[in-house]
Amino acid sequence: MGAQPVLREHSAPGRHSVSDFSSHVFGYLQRVDQRRWADTYLRGLLSTPGRKTVRHMARTLALPASAPQALQQFVTASPWNWETAQRELARLAVSALSSPAWTIGTVLLEKRGRHSVGVRQHTDLPSGRRVNCQIGIGLFLTDDRSSLPVSWRLLMDDAWCGDLERRRRARIPDRLTPLPARALALDMVTQVAGRGVPGSLPLVFGLDAAWDVTHLALQLAFQRRAFVIEVPASQPVIPVSHPDAPAPVVARPVTAEEGARTARSRYRAAGDRPLSMPVRLASRPGAPAGRQVLQLIAEPSKTEAGFHRYWVTSMRGVGAEQVRSLARRSVTTDATLRHMKDDLGLLDFEGRSFPGWHHHMTLASAAFHFRHLDRLPAPVMEVRSA
């Protein structure tokens, strides 16, 4: 694997050193050189200013001239299982957070050319631009103060999975098939659950992560998962007078905004508290209503009449204020994503391989965990010997 790094202690003041943390999270790696390069890459992400390329990291850490190539080899080609590290990050997060929930984050990683694994043309909704990018789906454990990344999936399509040559070059596993983002999110929960990480925690989807709300809610209900999904004002819903009544075959949907306004007028709901009403979802106007009864939570606007945010939730026995508090955790996840993009090199992976992308995203997640350990209650962490 090339020259070994000269390891120096660059840890910030706190309970754990970088070496202790790296030994704990990546101590399962079979080879000594893999463990050393994991430690080095983690240090580089934490201490290198600007872009976290392997050359910049090697220069910051004063490594030998051969180190950039060895770092690149470790991330893009070395055969190590990233899921083990992700499960350990999840366990640390659960032990550090108070009453966590699962949250989902989506990140666009702009790329040049067509050879980076999973790259596609995609419309960035906030700006309306067409961008050439990878789409990463992240799973986070989040409480009222902090959001910690624990797992990642790369959104793939038929253009990649159906091309044998592209699959071979990008080292895409034979078993991998294109899945919608909602399926990737649930698969990540299944992957990291266990060993002290309960899979039954509520799932919170922000507006950017709520792909195809009707199908997502149906899949979550089938798995008996508690969830909160932010929806646009235009989301078709069918108000329900009696939640235990059977769903009609055809009913006239209204938008979430229309339903909330009508309910506020009918029940004279207080203007400063979130409104709650039972609804069924419809995929489109004129479509049959789903059978599952959910609660629609509408948050009043502070600057004008009406509402400005809406959520649907399966947690019908939970008060509207508590649901709103849970839903707002997606804002904390967005802040974590910005921090990881700006300061921890989330967007700076230079390789093209499928394993390399997951290696880099896992190491960037570990860097975020380490940087925020001192802001959280001490997680249960025992250092593993190399």
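The values are calculated or read from the model by the stated rules, or taken from the named source; none is laboratory data. Bear in mind the structure is a predicted one, so any value in this text is a computation, not a measurement. No Cβ is skipped: glycine too gets one built from the backbone with ideal geometry, and neighbour counts run over all protein chains shown.
Condition check: assigned by TED's automatic domain parsing to the domain that holds R371, modelled with pLDDT under 95 and part of a loop (DSSP other than H, G, I, E, B). Does S11 satisfy that? Quick ask: steps written out before the conclusion?
Details: assigned by TED's automatic domain parsing to the domain that holds R371: no; modelled with pLDDT under 95: yes; part of a loop (DSSP other than H, G, I, E, B): yes.
Here the answer is no, as S11 does not meet what is asked.
Looking at this structure, is G317 farther than 15 Å from E230 by Cα, touching a residue at least 24 places away in the same chain (Cβ under 8 Å) and in a loop (DSSP other than H, G, I, E, B)? No: the conditions fail for G317. Residue count for the range 61-74, restricted to those that are surrounded by 17 or more Cβ atoms within 10 Å (Cβ to Cβ) and either small (G, A, S) or touching a Ser or Thr at 6+ places or on another chain (Cβ under 9 Å) (or both): 7. Restricted to helices (runs of 4 or more DSSP H) entirely inside the range 146-192, those with at least 2 residues that are of a type in the set (D, E, K, R) are 164-170, 181-192.
For the range 49-73, what are the residues that are within 24 Å of the chain's Cα centre (by Cα) and touching a residue at least 24 places away in the same chain (Cβ under 8 Å)?
Of everything in the range 49-73, those that are within 24 Å of the chain's Cα centre (by Cα) and touching a residue at least 24 places away in the same chain (Cβ under 8 Å) turn out to be R51, K52, T53.
Every listed requirement among (1) assigned by TED's automatic domain parsing to the domain that holds T362; (2) over 19 Å from H359 (Cα atoms); (3) modelled with pLDDT of 95 or more is met by A96 save one, (3).
When restricted to residues that are surrounded by fewer than 19 Cβ atoms within 10 Å (Cβ to Cβ) and in contact with an Asp or Glu (Cβ under 8 Å, 6 or more places away or on another chain), the range 45-60 contains 2.
Of all residues being farther than 20 Å from R167 by Cβ and either out of contact with any Ser or Thr (no Cβ under 8 Å at 6 or more places or on another chain) or β-branched (V, I, T) (or both) in the range 114-136, which is modelled with the highest pLDDT? Just the residue, please.
We begin by selecting, within the range 114-136, every residue farther than 20 Å from R167 by Cβ; these are 122-131.
Subset that is either out of contact with any Ser or Thr (no Cβ under 8 Å at 6 or more places or on another chain) or β-branched (V, I, T) (or both): 122-128, 131.
Working: H122: 86, T123: 81, D124: 76, L125: 67, P126: 68, S127: 72, G128: 76, V131: 89.
The qualifying residue modelled with the highest pLDDT is V131.
When W80, W102 are screened for being touching a helix residue (DSSP H, G or I) at 6+ places or on another chain (Cβ under 8 Å), under 27 Å from G194 (Cβ atoms) and assigned to a loop (DSSP other than H, G, I, E, B), only W80 passes.
Taking the conditions exactly as written (out of contact with any helix residue (DSSP H, G or I) (no Cβ under 7 Å at 6 or more places or on another chain), surrounded by 22 or more Cβ atoms within 10 Å (Cβ to Cβ), at pLDDT below 80 and closer than 21 Å to T106 by Cβ), does A209 satisfy them or not? In short, yes. Among the residues of this structure, T214 counts as one that is touching a strand residue (DSSP E or B) at 6+ places or on another chain (Cβ under 9 Å), under 28 Å from L296 (Cα atoms), of a type in the set (S, T, Y) and in a helix (DSSP H, G or I).
Please enumerate the residues belonging to the range 194-206 that are touching a residue at least 60 places away in the same chain (Cβ under 8 Å) and either surrounded by fewer than 20 Cβ atoms within 10 Å (Cβ to Cβ) or among the hydroxyl-bearing types (S, T, Y) (or both). Step through it out loud before you land on a result.
Filtering the range 194-206 for residues touching a residue at least 60 places away in the same chain (Cβ under 8 Å) gives 194-198, 201-206.
Residues satisfying the conditions are G194, R195, G196, P198, L201.
Could you say whether any residue in the range 119-136 is surrounded by 19 or more Cβ atoms within 10 Å (Cβ to Cβ) and out of contact with any strand residue (DSSP E or B) (no Cβ under 9 Å at 6 or more places or on another chain)? No, the conditions are met nowhere in the range 119-136.
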